[in-house]
1. Checking the conditions here, which among S66, S56 is touching a Leu at 6+ places or on another chain (Cβ under 8 Å), polar (S, T, N, Q) and at pLDDT 95 or above?
2. Please go through the range 53-79 and give me each residue that is in contact (Cβ under 8 Å) with a residue 12 or more places away in the chain, over 11 Å from the mean Cα position of the chain (by Cα), over 15 Å from I13 (Cα atoms) and not in a helix (DSSP H, G or I), ordered by number.
3. Name every residue in the range 47-81 that is under 22 Å from R23 (Cβ atoms) and of a type in the set (G, A, S), in order of residue number.
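The values are calculated or read from the model by the stated rules, or taken from the named source; none is laboratory data. Predicted, not measured: the structure shown is a model, and the values here were computed from it. Methodologically, a virtual Cβ is constructed for each residue, glycine included, from the backbone with ideal geometry; neighbour enumeration extends over all protein chains shown.
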Amino acid sequence: MDVDNLIEMANRIGEFFDSMPDRAEAVDSVADHIRRFWEPRMRIEILAALDDPEASATMEPIVRESLEKHKVDLQPKAATA
């Protein structure tokens, strides 16, 4: 999976929600969109990019803030037997 493409997609989501007047709601909305519409592999990759200074530098501030705030919630749930 191309992390640059994932960051570009996340940045477009962030740009959409960044226009909301309530910053906290906008940050939460970015994470909610990613949680609901991105498959687990995509979420794992974008969260891993947070730890890479070069990759995270290309993220919009709202995306970085959202991923950091909701990192635990965005982790895919482990499969149960």
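1. Details: S66 fails: touching a Leu at 6+ places or on another chain (Cβ under 8 Å).
Within the list S66, S56, the selection yields S56.
2. Passing the criteria: only P76.
3. Restricting attention to the range 47-81, the residues satisfying the condition of being under 22 Å from R23 (Cβ atoms) are 47, 50, 56-74.
Matches in the range 47-81: S56, A57, S66.
Okay, residues lined up against (1) in contact with a strand residue (DSSP E or B) (Cβ under 9 Å, 6 or more places away or on another chain); (2) under 23 Å from K77 (Cα atoms); (3) of a type in the set (D, E, K, R); (4) exposed (fewer than 11 other Cβ atoms within 10 Å of the Cβ):
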residue: D18; (1), (2), (3), (4): no, no, yes, no
residue: P21; (1), (2), (3), (4): no, no, no, yes
residue: V27; (1), (2), (3), (4): no, yes, no, no
residue: R36; (1), (2), (3), (4): no, yes, yes, yes
residue: E39; (1), (2), (3), (4): no, yes, yes, yes
residue: R43; (1), (2), (3), (4): no, yes, yes, no
residue: A48; (1), (2), (3), (4): no, yes, no, no
